[in-house]
Amino acid sequence: MIYTTLRQVPPVKPYFSPGDIEQIKNDLEKILKSGMLIMGEYTKKFEGEYAKLCAVKHAIAVNSGTSALEIVLRAIDLKKEDEVLVPTNTFTATAATAIFAGAKLVLADINSESLCLDAKNLQRYLTENTKAVIVVHIGGLVCPDMDEIRKICDENQIFLVEDAAHAHGSTLNGRHAGSLGDAGCFSFYPTKVMTTGEGGMITTNHDEIAEKARVLRDQGKESFHSSRIIKLGYNWRMTEISAAIGLVQLRRLPEMVRNRKKIAEYYDQKLNETDLIQPRKTNSNIVNNYYKYIAFLGSKIERDEFKQKLAKKGVRCGGEVYWPPVHLQPIYQELLGTKQGDFPVAEDVCRRMVCLPMFSQMTLDEAEYVIENVAEVLRSL
């Protein structure tokens, strides 16, 4: 189909059906009338339902994915000589929380196809001081080497954390993100596949980690109804309103993942017809929720020009995951002494990455409009 009028296709958009909005309004009224605005029945139910989704013993609701990461790292009692290994192409929260938790941050390069940490890179960076490894499921793709990484960590008594901020509903070999490591950390930021406005979740099968996490998220109190402080915690609690939104979104999650997969399959089919832009591949044993639809431009195509020309046609790309990578961010160059050339794979693929529009209520007609304009822009470059 040839489109003759300018349309607007946003990079992301949260999805709430009319029925979902009515449900949230009813829940909000109940919450306000109850006077229980935090740590009430909605939070408990949301935690229970999320634990079922991930098939884990514990889910602990918190106020952000960043909080989830720091709580988990603080729960394993890191010392200043302990090292936390993190891939360089991640959001600052993944890296910063290792420092906030009192450990030494160590960055690692990535696999050029998956954009994730792989077993080969992991072993290159391990030392006797490595206490934790954070694997990041980039763009909704569960790290393909997760099982092998888990084996390496178990053999070396290293705590394995999944930064699953992008991976709600994603699976590897039928097992959900958040159940593949010692702990999983999710974000419910507004751009994510499912949202609570702001919020996060910790998932784990470790009773001790879960107990510490519940204490740390609530100012270090031994329980919500106690005034005894047994650890130095923070206010990392999720509100009841956020939990109510989360329950509605969680029920909608399978539908949202299915639709995003349908759009991604269409993108894949069309982009595979050209050598100027190539989609990131998803192995058949992985369910990708396509939080981001990631593709790679040819080396001779200038990304900023490509995105600017697309935007003039009403097609706005999402933010890359991630550019610049952590080691090229000014604060980490200052703290770690990193520089350009330190992690060449991440520098290459992240510089060529683009994220085409992807949202849960996106239509095939909108996807067709995106592809038509991508092709037209590529021809003009």
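The values are calculated or read from the model by the stated rules, or taken from the named source; none is laboratory data. Predicted, not measured: the structure shown is a model, and the values here were computed from it. Ideal geometry is used to build each Cβ from the backbone, glycine not excepted, and the neighbour counts take in all protein chains shown. Please note that ligands, DNA and RNA were not included when accessible areas were found on the heavy atoms of the full protein model with its side chains. Shrake-Rupley method; radii C 1.70, N 1.55, O 1.52, S 1.80 Å.
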Residue within segment 184-194 that is part of a helix (DSSP H, G or I), out of contact with any Cys (no Cβ under 7 Å at 6 or more places or on another chain), open to solvent by less than 10 Å² (accessible area, probe 1.4 Å) and more than 18 Å from Glu240 (Cβ to Cβ) present: no
Flag for Val345 being under 23 Å from Gly139 (Cβ atoms) and assigned to a helix (DSSP H, G or I): yes
Only listed residue being in contact with a helix residue (DSSP H, G or I) (Cβ under 7 Å, 6 or more places away or on another chain), surrounded by 24 or more Cβ atoms within 10 Å (Cβ to Cβ) and within 26 Å of Ser284 (Cβ to Cβ), chosen from Val136, Val142: Val136
Residue within segment 283-290 that is open to solvent by 70 Å² or more (accessible area, probe 1.4 Å), in a helix (DSSP H, G or I) and among the polar types (S, T, N, Q) present: no
Only one of Val287, Val248 that is within 18 Å of the chain's Cα centre (by Cα), modelled with pLDDT of 95 or more and of a type in the set (Val, Ile, Thr): Val287
Residue, most open to solvent (accessible area, probe 1.4 Å), within segment 145-174, restricted to residues that are among the hydrophobic types (A, V, I, L, M, F, W, C) and within 21 Å of Leu53 (Cβ to Cβ): Ala165
Residue match in segment 367-375 (condition: among the polar types (S, T, N, Q) and touching a residue at least 40 places away in the same chain (Cβ under 8 Å)): yes
Residue check for Val374: in a helix (DSSP H, G or I) and closer than 30 Å to Gly169 by Cα: yes
Residue in segment 320-332 that is nearest to Arg303 (Cα to Cα), counting only those that are assigned to a helix (DSSP H, G or I) and open to solvent by 70 Å² or more (accessible area, probe 1.4 Å): Pro330
Residues (over 23 Å from Pro190 (Cα atoms), open to solvent by 20 Å² or more (accessible area, probe 1.4 Å) and outside any strand (DSSP E or B)) located in segment 262-282: Glu265, Tyr266, Asp268, Gln269, Lys270, Asn272, Glu273, Thr274, Asp275, Leu276, Lys281, Thr282
Of residues in segment 222-261 being within 26 Å of Glu208 (Cα to Cα), without any contact (Cβ under 8 Å) to a residue 24 or more places away in the chain and basic (Lys, Arg), the one least open to solvent (accessible area, probe 1.4 Å): Lys231
All positions within segment 12-29 that are within 20 Å of Leu253 (Cβ to Cβ), touching a residue at least 12 places away in the same chain (Cβ under 8 Å) and open to solvent by less than 80 Å² (accessible area, probe 1.4 Å): Val12, Pro14, Tyr15, Phe16, Ser17, Asp20, Gln23, Ile24, Asp27
Residue within segment 203-221 that is over 25 Å from Cys153 (Cβ atoms), open to solvent by 60 Å² or more (accessible area, probe 1.4 Å) and not polar (S, T, N, Q) present: no
